[in-house]
Structures are given as C-alpha cells and as structure tokens.
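**Q** Below you'll find the structure I mean.
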Amino acid sequence: MKSQWMIYGANFYSAQLAIAKAVEQGKKPILAGRNQTAIAALGEKFDFLFASSI
C-alpha cells in the first residue's frame with residue numbers, strides 16, 4: 001500500500017523547505033492550509049494534490 005502524507009500550512013517558510021525536499025526526493029505530498037489561493041498555486045506549480053480548510 002502506498003502511503004500518503006500532507007504538509008499543512010504549505011505556504012509558510014518551514015513548509016516550503018519540506019516541499020523542496022519532497023520535490024528533490026520525487027515524492028508527492030498533499031498540500032493543505034487555510035489560504036486557498038496560495039495552496040492552489042503551490043499545488044499547480046508542483047503538480048501536487050491540494051486542499052484548503054476554511
């Protein structure tokens with residue numbers, strides 16, 4: 001079974017570091033956060049799934 005994992009608060013600095021590491025390792029986390037516009041932009045930029053909590 002393939003595991004899925006999520007980065008919450010993906011538009012903040014420490015999450016950006018985690019995203020960069022994921023890209024470097026060829027992994028595809030789900031991005032999540034409260035700012036739907038920012039999360040969607042990151043998801044589209046990196047071709048990751050994304051979700052927004054309101």
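The values are calculated or read from the model by the stated rules, or taken from the named source; none is laboratory data. Computed from a predicted structure; not experimentally measured. As a convention, Cβ positions derive from the backbone with ideal geometry for all residues, glycine included, and neighbour counts pool all protein chains shown. Surface areas here come from the heavy atoms of the whole protein model, side chains and all, with no ligands, DNA or RNA. Shrake-Rupley method; radii C 1.70, N 1.55, O 1.52, S 1.80 Å.
**Q** Give the range 9-27 a look and list any residue that's exposed (fewer than 15 other Cβ atoms within 10 Å of the Cβ), outside any helix (DSSP H, G or I) and of a type outside the set (Gly, Ala, Ser), or say none.
**A** Phe12, Gln25, Lys27 - these are the residues of the range 9-27 that are exposed (fewer than 15 other Cβ atoms within 10 Å of the Cβ), outside any helix (DSSP H, G or I) and of a type outside the set (Gly, Ala, Ser).
**Q** Could you list, in sequence order, the residues of the range 28-40 that are in a helix (DSSP H, G or I), open to solvent by 60 Å² or more (accessible area, probe 1.4 Å) and either small (Gly, Ala, Ser) or touching a residue at least 12 places away in the same chain (Cβ under 8 Å) (or both)?
**A** Result: Gln36, single match.
**Q** Taking the condition of being farther than 15 Å from Ser14 by Cα, surrounded by 15 or more Cβ atoms within 10 Å (Cβ to Cβ) and either out of contact with any strand residue (DSSP E or B) (no Cβ under 7 Å at 6 or more places or on another chain) or of a type in the set (A, V, I, L, M, F, W, C) (or both), how many residues in the range 42-54 meet it?
**A** The total comes to 4.
**Q** Restricting the first residue to the range 15-27 and requiring it to be over 18 Å from Lys2 (Cβ atoms), which pairs with a second residue that is among the hydroxyl-bearing types (Ser, Thr, Tyr) and outside any loop (DSSP other than H, G, I, E, B) meet a Cβ separation below 9 Å and a spacing of at least six or different chains?
**A** Ala15/Tyr8
**Q** Does Phe50 satisfy the condition of being touching a residue at least 24 places away in the same chain (Cβ under 8 Å) and among the aromatic types (Phe, Trp, Tyr)?
**A** Judged against the criteria, Phe50 is a match.
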